[in-house]
Every structure is written in C-alpha cells, then in structure tokens.
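Colleague: Attaching a single structure in structure tokens format; questions to follow.
Any read-out appearing in this document is the output of simple, stated calculations on the displayed coordinates, not a laboratory observation. All values derive from a computational prediction rather than experimental measurement. Here the Cβ positions follow ideal geometry from the backbone for every residue, glycine too, while neighbour counts run over all protein chains shown.
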Amino acid sequence: MKKIKNTIKYYREIFKYFDKNAHHFLIGNFFTGFGFAAFSLLFNLYLKSINIGESRIGSLLSTATFTTAILILPAAYIIKRTDIKKFFIISPLITVIGYFIAVQANTEILRYIGFILAGIAASFNSVLGGPFIMKVSNTKTRTVLFSLSQATMLAAGITGNLLSGFLSGMIKQSGVSENLAFKYTILIHLFFALLSIYFFSKINIGKLYNQNFKNKITFKTSVKLLIFLILPPLTIGLGAGMTIPFLNLYFKTNFHLSSSTIGIIFSIALFLTILGSLLSPIFAIKYGLINTIIATQLLSVPFLYILGFSSFFPLVLASFFIRNTFMNMSSPLSNNFSLELVDMEDRPLISGLLSLAWLASWGLTANIGGHLIENHGYRIPFLFTIFCYLLSSLLYLLLLKPLEKNIKTSE
C-alpha cells in the first residue's frame, strides 16, 4: 500500500510538468484505443463464427503487419520532413475506414484491402509516438510519459474490451446471430475512435525537425548500435507473433468462453498491465532500465509455459494475467532506452526501424502460428515464444546492458 501511495504521489508531482500537447496526445490515444479495442477483441471471433480457420486468420492479420513493415521507413522519412499534426488526424480516420471495410466485406479480397489500409495508417503511428514524446518531454518527464502513453492505451483497452464484450452479448440476446452481434459491436466502437480526431487537432506542434524534402538523408547513429537496438525487439516479435494474436481464440477454443467473459478477462489483464506500466519507471530508477526489462521478461516465462501445457482453468487464467503484466512492463522502458541512445534527428527513423523489426518478425510468425495452432494445437507455438523471450533477455544483457551508463532516467 505504501508503494502505491508513493507511486501516486510521484506521478502527481511529475504530471505538473507535462506539456499541453502531451495531454491532448494522451486523450486522443484513449479514444483510439477504446474504439479499436472491439476490433482487436472481436474480429478474430467474428471470422471464426463465419467458419474461417486460424490459418486464414493468421494470414489476414499478417497482411496489415507486413503493410506496416514495408511502409515504416518511407513514413519515417515523411514524418521527419513535414507537419506531423495532419498525420495524427489522418491516421485514425484511415484505420476506421480500413476496419469498416474489413468487417463489412463479403469477400476475402475486400478484407485484405481493409487490412492494408489499416496497415498504412499503422506505419505512420509507429513512427509518430516515440519522437513526439521525446519532443514534448524532458529528462524529468520522459520515462513517465512513455509509461503513461502505454497506460492510457491499456486503460482504453480495458473499457473498450468490457463494453464490447457485454455489448455483443446484449445484441445477441436480442435475437441477432452471433456473427452480426460481433459486427454491429465493432461498428459502434469505430465511431468512438473518430472522436480522437478532435483532441489530436488541438496538438499545437508542426515539424519535429527543421528539415524538408530537399535535404539529403543523413544518419548519425552507428550501424553497430542500430543492430544492437534492433535484435531484442526482433526476437520478441518472433515469439509474440506465434501466440499473442490468437489468445482470444485460445480461450474460446480451449475453454468455450463467451465473448463477454473473454472481454472481462482481457480487461482485467490490461488493468494489471497498467499497474505494471506505471510502476516500471520506479523500478527503472531503482534497479536500472535494462535490469528491469530483463527481470520482467524472465518472470513472464514460467507463466507462458503454463498457458501452453495446463488445462486447469484457474491456473491458466492467473498465468495469463501475470504473464501479460510482466511482459508489457518492459515496452515503454525499451522505447525510452533506445531513443535516448541515438541522435535526436535519427529518432523517427530509429523508431520506425524498431517497429519494423518487431512487426516484420511478428507478421512472419503469425502466419506460421495460425497454421500450427489449427493443425497441432498451442503447445509448439508457446514453446517457441518462450525460447524467443529467453533469447531476447540474453541479448539485452550482452548487447545493451553495457550501454546503459549513457542513459538518463527521470529522478
């Protein structure tokens, strides 16, 4: 209880130093997270309800991922040389259009088109957030703002998951078929995602850097450092893609849970992840960024094993909550660490390359994971995820731990 009180006091003090642009950014992110939560939770279930298998679902999901991966570097180049406010406004709009097409589509081609549009928007989102936070923060607020950004999205996911799970159940009880209940719920939530545009439009910032399209492309970060920064998220992406996109199907298939129950489970998991995200800067100050990242990743591994091999639901549920909390604690710390190490003008490109490493590997194994799950179950994918998380922790220790002395965390 004392730790929680100290954390609340710490955040209350730090929040006073936040730039107004950061406030608008966080509120806008909440509405996008809330609006898109229903799609993340229910679209897989919707496809399953119309007899589409895990292999085809994995292929569809990886389409958006590969689109994002292909366009990340061009997006980073554009973001570095133009007014970023327009992208905060355009990106959620394109995502809504893409998801609308995907859920309304009667053919597989149209679903792919919808996911490609969403992937295009995601490529800009992937390179916007990190550099924007670095721009509107300082050493006092930076680590906290990274954590709050993730916590805000998670809070939006909690409310979005809860409401979408119950709403789809209520619609189904009114006599509508299960697949239509999922579809209507997603469409209702997409409307809320559009509300984010109002708050993003209040962001008062133009270019992140004083460059235009006539400037030559320069890159000041060493190739060696770049490789060191990319390898850990690439490894995590390989592991995560094999299992994480299918966790809602995992609960529905293995334990025959309803969409509302799955929504509650995912909401509780996100709430616990919020607590972890808010505590992570405290642990980073006390134990160091890399030590905290390694410890939280390793602590998640035993619970991944339980998910893959246990059929005892209470144990599986507890393991899901704990794994989700530990593994997601490291994300804002890792982003903060990477962007602190590189030259300021390289940050959009580095942010894009880090996202590219994660997304490309995630997209590759999502395809493979869907095929393995459909034909052999969940054990092999979970074992592969465990191996990748262990390897990633080793890479953090060997490659990035020696560089931590160059990082200044909030004090």
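Colleague: Which peptide among 91-103, 75-87 comes first, and what is the full order, when sorted by highest mean count of other Cβ atoms within 10 Å?
Modeller: On the way: 91-103: 21.5, 75-87: 19.8.
Packing proxy ranking, top to bottom: 91-103, 75-87.
Colleague: Can you give me the C-alpha center-to-center distance between the stretch 333-375 and the stretch 242-288, rounded to a whole angstrom?
Modeller: Between the Cα centre of the stretch 333-375 and that of the stretch 242-288, the gap is 19 Å.
Colleague: Return one number: the angle in degrees, 0 to 90 and rounded to the nearest 10, between the long axis of the Cα atoms of helix 259-287 and the longest principal axis of the Cα atoms of the chain.
Modeller: Taking the Cα atoms of the chain, the angle to 259-287 is about 20 degrees.
Colleague: What is the angle, in °, between the Cα long axis of helix 142-173 and the longest principal axis of the Cα atoms in the chain? Nearest 10 is fine, range 0 to 90.
Modeller: Rounded to the nearest ten degrees, it is 10.
Colleague: Here's something else I'd like to know. Please go through the residue pairs K16/K286; K86/K405; K80/K286; K9/K207 and name each one whose alpha carbons sit more than 30 Å apart in this structure.
Modeller: Pairs exceeding the cut-off: K86/K405; K80/K286; K9/K207.
Colleague: Normalised by the number of residues in the stretch 162-307, what is the relative contact order in percent for Cα pairs under 8 Å and 6+ residues apart?
Modeller: Once normalised by length, the contact order is 34 percent.
Colleague: Given the rule -39500 (n - 2.57) for each run of at least 4 DSSP H residues, summed and divided by the residues of the chain, what is its mean residue ellipticity at 222 nm, to the nearest 500 deg cm²/dmol?
Modeller: For the chain, the value works out to -28000 deg cm²/dmol.
Colleague: In Å, what Kirkwood hydrodynamic radius results for the stretch 290-364 from the alpha-carbon pair distances?
Modeller: 14.2 Å
Colleague: Quick one: Karplus J couplings for the stretch 234-242, per residue in order, coefficients 6.51, -1.76, 1.60, θ = phi - 60°, nearest Hz, x for Gly and Pro?
Modeller: Going residue by residue, I get 4, 5, 4, x, 4, x, 5, x, 5 Hz, with x marking Gly and Pro.
Colleague: In 5 Å bins starting at 0, how do the alpha-carbon pair distances of the stretch 297-411 split up by percent?
Modeller: 2, 10, 15, 20, 20, 14, 10, 6, 3, 1, 0
Colleague: How do the peptides 295-307, 110-122, 29-41 rank, highest first, by the average count of neighbouring beta carbon atoms within 10 Å per residue? Before the final figure, lay out the partial values.
Modeller: Numbers: 295-307: 18.5, 110-122: 21.2, 29-41: 24.8.
Ranking the peptides 295-307, 110-122, 29-41 by packing returns 29-41, 110-122, 295-307.
Colleague: May I pose another question? Give, to the nearest whole percent, the P(r) tail of the chain beyond 30 angstrom, counting all Cα pairs.
Modeller: The answer is 38 percent, as a whole percent.
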